[in-house]
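Chemist: One structure coming up, written as structure tokens, with questions to follow.
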Amino acid sequence: MVDLNEMILFARVVSRGSFTEAARELGVPASTLSRKVSTLEERLGVRLLERTTRQIRLTDAGELYYERCGRLSREAEDADRSIMALQTSPKGTLRVTAPPFFAESNLAPVLAEYGRRCPDVQVVLVLADRMVDLVAEGFDLAIRVAAGFSDSSLVLRRGTPRVVNDLDGHSILGYAFESGGDFCWRFVDEQGAVVQKQLTPRIVVNSFWMTRELCRRGEGLAMLPASLAGPDLASDRLVRLLPAMKTRPLDIGVVMPSARQTPAKVRVFLEVMEFALG
């Protein structure tokens, strides 16, 4: 059985010219290195080093073996350095997923600033109105937005509810990442009190664009981001309801496959998001 550790230790002893120097650099006893090299020689059935009290000398077999082991040792060190560089100098590809309504309204300045800070990173942004499996689909992070939007407007094509309980008499269009989600709309009244309204949607859609289109066609009420509904509100194609009520602040979260050893490319993106979105 090939033992790569023995081969690399052998190369280190040869490159440093003595067991003592190699042991000092590696922080292990010289006797341990000597034993490892002896085990390697026994496995190969050939002497690699001629040892004296003051120095070591490669045998002919040792010269040939060191040529290969030295190359292996250098490649292993290069591999370590390249991975550690990813932790300090962002490189490679960053795959991000986010809800379309949020990304199109908020992420352009984030991507612009990130590009200035990390010119060696290619960003792949995938917009998806669904719960993405980060590990299975190979994403570095996902931006998730909780129910309740700081810039939301309750819009519809027909009917005019005046208080929250009036919503019971209307067709509700529910947005959810997955069917069976929480269809409790949450508001804050003029006194700052939270008002919750549990609803049973007639249609559940995982796309704000489809929800807006259904509103345009007069199919019911929906809670949409004002950034998406704005043009239709301005043209009176859609109508904002319950103007005295505000929606809860937007909760934005970022999900990663693992928080351990976060690569620099991900760490910088999070810093830019926090700075740009407050």
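The values are calculated or read from the model by the stated rules, or taken from the named source; none is laboratory data. These numbers were taken from a predicted model, which means no experiment stands behind them. Neighbour counts are summed over all protein chains in view; Cβ atoms, including those assigned to glycine, are modelled from backbone coordinates with ideal geometry. Calculation scope for accessible area: heavy atoms of the full protein, side chains included, ligands and nucleic acids excluded. Shrake-Rupley method; radii C 1.70, N 1.55, O 1.52, S 1.80 Å.
Chemist: Give the peptides 71-77, 200-206, 219-225 in descending order of average Cβ contacts within 10 Å, highest first.
Modeler: Going by the mean number of other Cβ atoms within 10 Å, highest first, we get 219-225, 200-206, 71-77.
Chemist: Could you give the length gained on full extension between residue 132 and residue 240, defined as 0.36 nm per residue of separation minus the Cα-Cα distance, in nm?
Modeler: 35.7 nm
Chemist: Taking the alpha-carbon set of the range 176-239, what are its Rg and Dmax in Å?
Modeler: Over the range 176-239's Cα set, Rg and Dmax evaluate to 13.0, 34 Å.
Chemist: Can you give me the % of accessible surface on the range 1-48 that is carbon or sulfur? Probe 1.4 Å, all protein chains present, nothing else counted.
Modeler: 54
Chemist: Follow-up. Sorted by accessible area with a 1.4 angstrom probe, largest first, how do 143, 8 fall?
Modeler: Accessible-area ranking of 143, 8, largest first: 8, 143.
Chemist: Give me, ordered by chain and number, the residues 5 or more places off residue 171 or on other chains with an amide H under 5 Å from its own placed amide H.
Modeler: The answer is 221.
Chemist: Next up: Cross-link candidates for residue 197: which lysines have Cα within less than 23 Å, leaving aside residues fewer than 8 places away along the same chain?
Modeler: Filter leaves 246.
Chemist: Moving on. Tell me, Kirkwood radius of the range 1-46 from alpha-carbon pair distances, in Å?
Modeler: With all distinct Cα pairs of the range 1-46 included, I get 10.5 Å.
Chemist: Can you classify the range 1-137 as rounded, prolate or oblate using the Cα gyration tensor, where a ≥ b ≥ c are the square roots of its eigenvalues, rounded means a/c under 1.5, and otherwise it's prolate if a/b beats b/c and oblate if not?
Modeler: prolate
Chemist: Between residue 58 and residue 196, how many nm apart are label points set 7 Å from Cα along the C-beta direction?
Modeler: The answer from the label model is 7.3 nm.
Chemist: In vacuum, with every alpha carbon of the range 10-71 counted as one equal point scatterer, what does the Debye formula give for log10 I(q)/I(0) at q = 0.17, 0.18, 0.27 Å⁻¹? Two decimals, please.
Modeler: Results for the range 10-71 at q = 0.17, 0.18, 0.27 Å⁻¹ read -0.51, -0.58, -1.30.
Chemist: What lysines sit close enough to residue 91 to cross-link, taking a C-alpha to C-alpha distance under 18 Å and skipping anything fewer than 8 places away on the same chain?
Modeler: 265
Chemist: For residue 206, which sequence-distant residues (separation of 5 or more, or a different chain) have an amide H within less than 5 Å of its own amide H, given hydrogens modelled in the peptide plane?
Modeler: Correct list: 176.
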